[in-house]
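Take a look at the structure set out below.
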Amino acid sequence: MGFLSGLVNLLFPPRCAFCRRLLKRGETGMCFSCEKAISYTENGGRQTGEFFAVCVSPLYYEGIVRESVLRFKFKQATAYASLFGRLIADCIRKHLAGSYDLITWVPLSAKRLKKRGYDQAMLLAMAAALELDDVAVETLVKHIDVPAQSGVGSREKRKANIAGAYRVPDPELVQGRRILLIDDIITSGSTLSECARTLLQAGAAEVVCATLARARD
């Protein structure tokens, strides 16, 4: 550990991303108690979608996982990205190895990015790619700012709300390639499906997805 990082840890001791207690020696990102207690999915929590072949997620979006994701997404807890990226990468290694050529993410609109100050899905994709000795590449732009999916309602309304919101600025980047699309959570799957549809329309061969957490059926 360098002097600077040691000083930062002294001034701002690292805390567990889930229960927020101070981490002990040997604990990285989360405490050993939460590592055992959080809700892991079975078989990668595999889901299929209308336009993506499969989506895998290491965790269920509930309890302390949900609270942690909301802090990461809305409360500037960007330091969680390293741990979350590691969890996603482990899930990808187990369930999607050899299934993709390029890693990307579900982007925020320019308006939402300006308000939030960071794109949480981009942070997750970059952290996961780093764990996988790979890089994440921007392939999509959200050119229409729509109401948040969480407040829209039914699956049909979510699908209609997000329709046409994304575009691929450089189709040559995705043509003929199998795309791994990363986001924070999957609930109805409407957002991932719309992104996958846009990528396929631009010439992608296939889209598989990974998220940190998923809703229970």
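The values are calculated or read from the model by the stated rules, or taken from the named source; none is laboratory data. Because the structure is predicted, anything quoted here is derived from the model rather than measured. All Cβ positions, glycine included, derive from the backbone under ideal geometry; neighbour counts span all protein chains shown. Side chains are part of the model used for accessible areas, which takes the heavy atoms of the whole protein and leaves out ligands, DNA and RNA. Shrake-Rupley method; radii C 1.70, N 1.55, O 1.52, S 1.80 Å.
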Quick count over segment 54-69, residues being open to solvent by less than 10 Å² (accessible area, probe 1.4 Å) and closer than 18 Å to GLU42 by Cα, is 5
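To keep it simple, each residue is scored yes or no on (1) over 10 Å from the mean Cα position of the chain (by Cα); (2) open to solvent by less than 10 Å² (accessible area, probe 1.4 Å); (3) of a type in the set (Val, Ile, Thr).
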residue: SER82; (1), (2), (3): yes, no, no
residue: GLY85; (1), (2), (3): no, yes, no
residue: ARG93; (1), (2), (3): yes, no, no
residue: LEU96; (1), (2), (3): yes, yes, no
residue: ASP101; (1), (2), (3): yes, no, no
residue: LYS111; (1), (2), (3): yes, no, no
residue: ALA121; (1), (2), (3): no, yes, no
Filtering segment 114-126 down to residues that are under 17 Å from THR191 (Cα atoms) and of a type outside the set (Asp, Glu) yields GLN120, ALA121, MET122, LEU124, ALA125
Of the residues in segment 18-35, those that are over 16 Å from GLU67 (Cα atoms) and part of a helix (DSSP H, G or I) come to PHE32, SER33
Out of (1) open to solvent by 60 Å² or more (accessible area, probe 1.4 Å); (2) under 15 Å from the mean Cα position of the chain (by Cα), the one LYS24 does not meet is (2)
Checked segment 38-62 for anything modelled with pLDDT of 95 or more and assigned to a helix (DSSP H, G or I); matches are GLY44, GLY45
Going residue by residue through segment 145-161, is there one that turns out to be farther than 25 Å from SER39 by Cβ, at pLDDT 95 or above and part of a loop (DSSP other than H, G, I, E, B)? no
